[in-house]
Amino acid sequence: METLTKNKEQKENTKTVIELRNVKKSFGSKNVLTDISMDLFKGENLVVLGKSGTGKSVTIKCMVGLLVQDEGSVVVLDEDVNNLSSPDLKELRTKVGFLFQSGALYDSMTVRENLEFPLTRVLKIKDQDEIKQRIEEVLEAVGLLSAIDAMPSDLSGGMRKRIGLARTLILKPEIMLYDEPTTGLDPITSREISELILLMQKKYKTSSIIITHDMACAEITSDRILVMNEGKVIAEGNFEELKNSQDELVGSFFK
């Protein structure tokens, strides 16, 4: 695997919040993850690139126990995910935000109700003043306080992404997992979402993994990039380093 010196130095000096070692995952006869090892460091944005079917989404689902790997280890915030009891896994998931491609909003609820839901159901918060304060804070952060009483059907694709992000951030997670956050958006809105991801990293001090095909998103958001192919990591570096890679497959992403 192509790995750059400065990233080796970073590993020595930064706390690891997610660690995968030799993870393998198959579905029947199809080997999706053949040998995945990676780290997410505290406070960084890690972008994962790869063609469709290379196992990117499967990798992050293993991180939160939505899928269980066949071999290898998955450690998140110093917890071995597959050795956790159901209550402990549920507790860990409150510390890991997952932004799905669709935004995953409840269509029958207003924006306010969508944001109330995790506060009352997950965190069991009953204080209405606290609920109101936290909802307004995250909506202000994503620039959509004015949409607090709107229905999801009244929002554009980019606005739904922002509200989905707000609903995830309202639990104040330590880690964010973004699955193709700019898919289906026009270039201007995609850039806005990418810049918002960067802003949320700085505002909330999150550590994030961003799966994307969008090279503009990768350039804007990434501190470090991993390239996956055939179920394993084949290259690691920052945007400029990988853009200038002599490896034909790695270089093809940047053309």
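The values are calculated or read from the model by the stated rules, or taken from the named source; none is laboratory data. On a predicted model such as this, the values are computed, not experimentally measured, just so you know. No Cβ is skipped: glycine too gets one built from the backbone with ideal geometry, and neighbour counts run over all protein chains shown.
Scanning the range 153-175 for residues that are touching a residue at least 60 places away in the same chain (Cβ under 8 Å) and of a type in the set (G, A, S) yields one hit, G164.
Assuming I60 fulfils every condition listed in (1) in contact with a strand residue (DSSP E or B) (Cβ under 9 Å, 6 or more places away or on another chain); (2) touching a residue at least 60 places away in the same chain (Cβ under 8 Å); (3) not in a helix (DSSP H, G or I) apart from one, which condition is it? If we test I60 against (1) in contact with a strand residue (DSSP E or B) (Cβ under 9 Å, 6 or more places away or on another chain); (2) touching a residue at least 60 places away in the same chain (Cβ under 8 Å); (3) not in a helix (DSSP H, G or I), just (3) comes out false. Taking the criterion of being assigned to a loop (DSSP other than H, G, I, E, B), touching a residue at least 24 places away in the same chain (Cβ under 8 Å) and out of contact with any helix residue (DSSP H, G or I) (no Cβ under 8 Å at 6 or more places or on another chain), the only residue of the range 63-80 that qualifies is D70.
Would it be correct to say that L92 is more than 17 Å from the chain's Cα centre (by Cα), surrounded by 13 or more Cβ atoms within 10 Å (Cβ to Cβ) and at negative phi? When the stated conditions are applied, L92 does not pass them.
Sub-6 Å Cβ pairs linking a first residue in the range 39-56 that is under 19 Å from R21 (Cα atoms) and surrounded by 18 or more Cβ atoms within 10 Å (Cβ to Cβ) to a second residue that is modelled with pLDDT of 95 or more and basic (K, R), at least 6 apart or interchain, are L46/R224, ordered by first then second residue.
Okay, residues lined up against (1) within 21 Å of the chain's Cα centre (by Cα); (2) modelled with pLDDT under 95; (3) over 22 Å from D186 (Cα atoms); (4) crowded, with 21+ Cβ neighbours inside 10 Å:
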| position | (1), (2), (3), (4) |
| --- | --- |
| T110 | no, no, yes, no |
| K132 | no, no, yes, no |
| G143 | yes, yes, no, no |
| S156 | no, yes, no, no |
| G164 | yes, yes, no, yes |
| R167 | yes, yes, yes, yes |
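For the range 206-235, the set of residues classified as of a type outside the set (A, V, I, L, M) and surrounded by fewer than 21 Cβ atoms within 10 Å (Cβ to Cβ) consists of H213, E219, D223, N229, E230, K232, listed by residue number.
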